[in-house]
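To start, the structure under review is shown below, and the notes come after it.
Throughout, read-outs are computed from the coordinates displayed, never taken from laboratory work. Keep in mind that what you see is a predicted model, and the values were worked out from it rather than measured. Here the Cβ is made from the backbone with ideal geometry for all residues, glycine too, and neighbour counts use every protein chain on show.
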Amino acid sequence: KKKKTLLITVMRNEGPYVLEWVAHHFALGIDDLLIFTNFCTDNTDKILDRLEIMMPHRIKHQPNPKVMFPNHGKWHIMGLRYAGHFGRYKAADWLYVTDADEFLNLKG
């Protein structure tokens, strides 16, 4: 059985790069994306919403819960804690936590 890999990230205002970033990680074999956003002003959140509609089995976009609790914790930590409540997280064999401006580079 193939091991399932889930990528988790928190992003804000990555609109110009988000399609390339998603395509890059899917091309590497990442199975599933769980993406938390906060206060996007460049339509990153709308792009991710549309991608989720197009690929609901591969992309899940959620507002970062810190938006509701501005005085609690850090953005990344809140997103990662919240990730544990999703079935995608529980079903994954491997987790890859990264920033939205990082592109995984595998050399073999």
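Values as computed for the structure displayed
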| item | result |
| --- | --- |
| Computed magnitude of the charge dipole of region 9-64 (debye, nearest 20; Cβ of K, R +1, Cβ of D, E -1) | 80 |
| Inter-probe distance in nm under a simple model that places probes 7 Å from Cα toward Cβ, at Asn71 and His57 | 4.5 |
| Gain upon complete extension [Asn43, Tyr96; 0.36 nm per residue less C-alpha separation] | 16.6 nm |
| Over 32 Å (Cα to Cα) - which of Lys2/Lys74; Lys1/Lys74; Lys3/Lys46; Lys1/Lys66; Lys60/Lys107 fall in this group | Lys2/Lys74; Lys1/Lys74; Lys1/Lys66 |
| Furthest towards positive pole of dipole, Trp94, Pro63, Leu7, structure part region 3-108, Cβ charges | Trp94 |
| Alpha carbon Rg of region 16-55, scaled by the compact-globule rule 2.2 N^0.38 Å | 1.16 |
| Under 5 Å, built H, 5+ apart or other chain: amide partners of Asp32 | Thr5, Leu7 |
| Radius 12 Å from Cβ of His72, net charge of other residues (Lys, Arg +1; Asp, Glu -1) | +3 |
| Vicinal HN-Hα couplings computed from phi for region 28-35 (Karplus, 6.51 cos²θ - 1.76 cosθ + 1.60; Hz; Gly/Pro x) | 6, x, 4, 7, 8, 10, 10, 10 |
